[in-house]
Ligand code: SF4
């Protein structure tokens with residue numbers, strides 16, 4: 001019997017090539033080995049989104065990206081978090097057994113407080129409890145995580161353990177499936193590609209828009225003139241070439257160091273490499289975009305399958321807590 005995997009992604013903005021090379025391709029591969037449940041976690045998005053006007057669009061775009069990348073609704077359950085409202089019920093119930101001190105020590109809570117001091121909402125503190133509810137509701141045994149998310153998963157394990165100790169064995173303690181996601185540099189040269197910083201190349205961009213976006217990138221800051229030798233090892237364009245032009249890496253590096261290639265040409269080469277790599281994905285994406293009803297049906301069917309598991313878990317939890 002295959003183990004059950006749960007993973008979710010927040011629809012706070014359009015997906016970019018960093019998401020594609022990292023989480024999304026990992027999702028696709030996990031389908032071979034596990035029974036996967038993939039969730040577009042729109043309630044989690046509300047902890048940082050004050051303006052929700054783009055939320056419906058971001059949800060359908062995320063579903064479109066996932067399906068075009070190879071998530072298969074015949075193999076995986078794909079749905080939107082809020083479409084299975086039992087998760088909010090479990091969130092409340094688990095919140096009653098989670099000591100506040102556990103939540104206040106979570107490093108990401110402190111980071112979020114710094115990031116959005118004008119909006120330190122209750123949901124930010126409760127975020128790990130909602131995450132635990134996501135996993136526990138479906139009794140998922142495995143959760144794919146990067147190293148930085150391990151503290152969250154450890155907390156989910158502690159909450160599950162506490163519930164089991166108080167009310168009897170109910171939830172599996174979810175195991176981390178450590179995944180080393182490639183670090184995809186942002187175009188602004190200030191760290192990894194992120195949805196929020198405007199440093200990303202969204203998957204929904206056309207080939208022309210992709211090249212235009214790449215042309216805005218910061219390169220080696222010491223290379224001010226075309227005749228200056230460059231330093232590819234500190235250039236974010238070069239780091240992207242590793243993924244999109246692997247066979248040309250050595251040539252690009254030596255031509256950059258000897259100023260035989262300029263940054264404009266180097267960026268064009270990268271844009272072409274990204275476009276070539278994304279072409280099959282884009283074709284599938286364009287075909288799916290002509291069938292919006294299909295996306296709606298996939299998400300509705302996924303929510304229905306998820307609801308069957310969720311209702312069963314909630315009934316068991318309420319019985320054990322003497323609420324039924
Ligand atoms: Fe970066 Fe390419 Fe310019 Fe060298 S030539 S600094 S690798 S963009």
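The values are calculated or read from the model by the stated rules, or taken from the named source; none is laboratory data. Computed from a predicted structure; not experimentally measured. All Cβ positions, glycine included, derive from the backbone under ideal geometry; neighbour counts span all protein chains shown.
Does region 147-168 include one or more residues that are at pLDDT 90 or above, buried (at least 17 other Cβ atoms within 10 Å of the Cβ), outside any helix (DSSP H, G or I) and outside the structural domain of residue 259 (by TED's automatic domain parsing)?
Scanning region 147-168, I find no residue that is at pLDDT 90 or above, buried (at least 17 other Cβ atoms within 10 Å of the Cβ), outside any helix (DSSP H, G or I) and outside the structural domain of residue 259 (by TED's automatic domain parsing), so the answer is no.
Residues being closer than 23 Å to residue 118 by Cα and not in a loop (DSSP other than H, G, I, E, B): count how many of those fall in region 52-80.
Summing the residues that are closer than 23 Å to residue 118 by Cα and not in a loop (DSSP other than H, G, I, E, B) in region 52-80 gives 1.
Tell me, which residue of region 230-249 that is crowded, with 16+ Cβ neighbours inside 10 Å and over 27 Å from the mean Cα position of the chain (by Cα) is nearest to residue 71 (Cα to Cα)?
Looking at residues that are crowded, with 16+ Cβ neighbours inside 10 Å and over 27 Å from the mean Cα position of the chain (by Cα), I get 232.
Among 248, 209, which is the only one that is in contact with a helix residue (DSSP H, G or I) (Cβ under 8 Å, 6 or more places away or on another chain) and at pLDDT 90 or above?
Going through 248, 209 in turn, just one is in contact with a helix residue (DSSP H, G or I) (Cβ under 8 Å, 6 or more places away or on another chain) and at pLDDT 90 or above: 248.
How do the helices (runs of 4 or more DSSP H) wholly within region 221-324 filter down when requiring 2 or more residues that are within 16 Å of the ligand (Cβ to nearest atom) and in contact with a strand residue (DSSP E or B) (Cβ under 9 Å, 6 or more places away or on another chain): which remain?
236-244
Hey, any hits in region 73-86 for a residue that's exposed (fewer than 14 other Cβ atoms within 10 Å of the Cβ) and closer than 30 Å to residue 284 by Cβ?
yes
Pairs needed: first member in region 140-168, at positive phi; second member anywhere, surrounded by fewer than 20 Cβ atoms within 10 Å (Cβ to Cβ) and in a helix (DSSP H, G or I); C-beta distance under 9 Å; at least 6 residues apart or different chains.
From residues that are at positive phi, the pairs are 168/320.
Filtering region 265-274 down to residues that are over 14 Å from residue 229 (Cα atoms) and surrounded by 16 or more Cβ atoms within 10 Å (Cβ to Cβ), which residue is nearest to the chain's Cα centre (by Cα)?
Here the answer is 274.
With at pLDDT 95 or above, touching a helix residue (DSSP H, G or I) at 6+ places or on another chain (Cβ under 9 Å) and assigned to a strand (DSSP E or B) as the only criterion, which of 87, 129, 143 stands out?
Among 87, 129, 143, only 143 is at pLDDT 95 or above, touching a helix residue (DSSP H, G or I) at 6+ places or on another chain (Cβ under 9 Å) and assigned to a strand (DSSP E or B).
Select from region 92-112 the residues that are under 23 Å from the mean Cα position of the chain (by Cα) and farther than 20 Å from residue 150 by Cα and list them in ascending order.
Once the filter is applied, which keeps residues that are under 23 Å from the mean Cα position of the chain (by Cα) and farther than 20 Å from residue 150 by Cα, region 92-112 yields nothing.
How many residues are surrounded by fewer than 16 Cβ atoms within 10 Å (Cβ to Cβ) and either under 24 Å from the mean Cα position of the chain (by Cα) or more than 19 Å from residue 189 (Cβ to Cβ) (or both) if we restrict to region 250-264? Explain how you work it out, then say what you get.
From region 250-264, those surrounded by fewer than 16 Cβ atoms within 10 Å (Cβ to Cβ) are 250-251, 254, 257-260, 264; that's our starting set.
Then keep just the ones that are either under 24 Å from the mean Cα position of the chain (by Cα) or more than 19 Å from residue 189 (Cβ to Cβ) (or both); that gives 250-251, 254, 258-260.
Residues meeting the conditions: 6.
For every residue, the table says whether it meets (1) surrounded by fewer than 20 Cβ atoms within 10 Å (Cβ to Cβ); (2) closer than 30 Å to residue 119 by Cβ; (3) free of Cβ contacts under 8 Å to residues at least 24 places away in the same chain.
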residue	(1), (2), (3)
2	yes, no, no
6	no, yes, no
16	no, yes, no
25	yes, no, no
28	yes, no, no
32	yes, no, yes
50	yes, yes, no
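Can you tell me which residues in region 183-212 are buried (at least 20 other Cβ atoms within 10 Å of the Cβ), touching a residue at least 12 places away in the same chain (Cβ under 8 Å) and out of contact with any strand residue (DSSP E or B) (no Cβ under 7 Å at 6 or more places or on another chain)?
Kept after step one, since they are buried (at least 20 other Cβ atoms within 10 Å of the Cβ), are these residues of region 183-212: 184-187, 193, 199-201, 203, 205, 210.
Applying the additional criterion that residues be touching a residue at least 12 places away in the same chain (Cβ under 8 Å) yields 184-187, 193, 199-201, 203, 210.
Hits for region 183-212 are 187, 199, 210.
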